[in-house]
Amino acid sequence: MTLALERTNTPEVVSETVAETVVSQEIPTVACAGLRVPLVTGGDIGYANLDHAASAPCLDKVRDAVDEFLPWYASVHRGAGFASQVSTKLYERTRGILRDFVDARSTDTVVFTRNTTDSFNLLARSLPKHTSVVVFDTEHHAALLPWKGPNVRRIQTPRTRLAAVSAVDEALADCPQGPRLVVLTGASNVTGELLPVKEIAAVARRHGARIALDAAQLAPHRKISVRELDVDYVALSGHKLYAPFGAGALIGRADWLRAAQPYLAGGGATKLVTRDAENFGVVWNSGAERHEAGSPNTVGVYALGVACQTLAGNWDAIVAHEDELLARLRRGLAGVPGFAELRLFDAPVDRVGTLSFFVDGFDPGWLAAVLSAEYGIGVRDGAFCAHVATKRLISAAGSTGQQAVRVSLGLGSTAEHVDRLVLALRQIVARGARWQYEKPEGRWVPENDPRELPPFCA
């Protein structure tokens, strides 16, 4: 999708001995691959990025594409200049790229947003009056909180996939007559486990309900098919998809979005504004622009499209890479004394490369601080914007704690990163930290931290 593809290329000379072209998939590279970070104990080390579920690093291809595009960046849709025409073409073409990325229906609309949270708040504002909403209480807050009104049913997530399907069936049967929507995550951002989306969608159809899929954690790791899963809406975030430039998307059926009041009122959402003696009259756009008021994030949208095209061409390699690292991680962590993993379901299920855990006797925030300061490892600690899920799963795993540590793998992760984490945890459990830590503002930090931030932070 890069701008270079739009130009006329000079044919390359190839050897006559080449009988066929073999296309092999590769792991796309990321911009932080060579990053080194300082240690409190002195020196520096290659950064072990094990926090992809929060925000994934930038793909090299995305960075290069954005650098190429920036001189051409201009206003979209109403600019007469040539640069505006280039920007508009790329912005609008990305709608088709996103539609292809999730294998959506040709009639599905693509609304550009900031992220998954923004997408679900837009969808919540667009629901027909008296819509019943069914959502598991272990969802990420982005999917859990936007829905309002007496017809919202936040149901407890059962311990088996079959029971989860039945729970949705029962909740929908209890809903009043009228529009219905099931909101469901594709992959848990706490445990990485995949939810039975296709099976729940089949139940929803029997009740005349629609399905909104939170694909924030699924889209970077697995190929998604709206048509195969039979869902109606997909929400995703660029910053999870290796395109950290502030764009996301809501992809799905157009009718509810077309009938709703604009998400934001302003330029771009309007077709015509008039004024009589007392009032303004507004005719709103009917397409995706209806909910995209203001100057759009053209660079972010373009970056998102490049990322999606890059991932779509390499799924086999990506999945194999992450599956291998996840198996290595789980084998290693199983040998750490006091280790306990959080799980939604009692039986093993397919999952992406995300895993949350605690170690008996160790504060998760302190562990994360030590891993960062002394070993150059980036992980997440806390309740991961899924407080209900995290606290319940910690309790089910046998602890009274409120927080956990999360490791999330991705394209920036390597076997060395995984092995370093396992070794670090074993060393910390066996003999503690090598530095003193304090908690002045609610988070653990090294005392008298000697590390200096890079010059651009000054």
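The values are calculated or read from the model by the stated rules, or taken from the named source; none is laboratory data. Source: prediction; values computed, not measured. Backbone-built Cβ (ideal geometry, glycine too); neighbour counts: all protein chains shown. Surface areas here come from the heavy atoms of the whole protein model, side chains and all, with no ligands, DNA or RNA. Shrake-Rupley method; radii C 1.70, N 1.55, O 1.52, S 1.80 Å.
Peptides 191-198, 336-343, 213-220 ranked from most to least packed, by the mean per-residue count of other Cβ atoms within 10 Å: 213-220, 191-198, 336-343. Using the 1.4 Å probe convention, the accessible area of the stretch 60-310 works out to 41 Å² per residue with neighbouring protein chains retained.
Cβ-Cβ distance of Arg205 and His387, R₀ of 35 Å, FRET efficiency by 1/(1 + (r/R0)^6): the value works out to about 0.65. Computed from the Cα positions only, the extents of the stretch 278-361 along the three principal axes stand at 73, 36, 24 Å, in decreasing order. For the stretch 60-310, taking the reciprocal of the average inverse distance between every pair of different Cα atoms yields a Kirkwood hydrodynamic radius of 18.9 Å. Each peptide in 395-406, 63-74 receives the mean, over its residues, of other Cβ atoms within 10 Å, and ordering these scores from highest gives 395-406, 63-74. Per the Debye formula on identical point scatterers at the alpha carbon atoms of the stretch 345-456, with no solvent, log10 I(q)/I(0) at q = 0.10, 0.13, 0.19, 0.23 Å⁻¹ is -0.33, -0.56, -1.15, -1.47. Were the residues from Ala397 through Thr274 laid out at 0.36 nm apart, the gain over their Cα-Cα distance would be 38.1 nm.
Stretched out straight at 0.36 nm per residue, the stretch from Arg451 to Asp323 would grow longer than its current Cα-Cα span by 42.6 nm.
State, to one decimal in nm, how far the label point of Ser75 lies from the label point of Glu228, with both points 7 Å from Cα in the Cβ direction. Between Ser75 and Glu228, the label points sit 4.4 nm apart. A straight line joining the Cα centroids of the stretch 74-116 and the stretch 234-307 runs 10 Å. With the biggest extent put first, the Cα atoms of the stretch 211-367 measure 76, 37, 30 Å across the principal axes.
Using the Cβ-Cβ distance between Thr107 and Ala347 with R0 set to 41 Å, the FRET efficiency works out to roughly 0.60. Sorting 164-171, 379-386 by average packing, meaning the other beta carbons within 10 Å per residue, from highest down gives 379-386, 164-171.
For the chain, carbon and sulfur atoms together expose 52% of the accessible surface, with a 1.4 angstrom probe and every protein chain in place. What is the diffusion coefficient of the chain in µm²/s, taking the Kirkwood radius over Cα pairs and the Stokes-Einstein relation at 10 °C with a viscosity of 1.306 mPa s? The calculation lands on 66 µm²/s.
Net charge of the neighbourhood of Pro176, taken over other residues with C-beta under 14 Å away and scored Lys/Arg +1, Asp/Glu -1, is +2.
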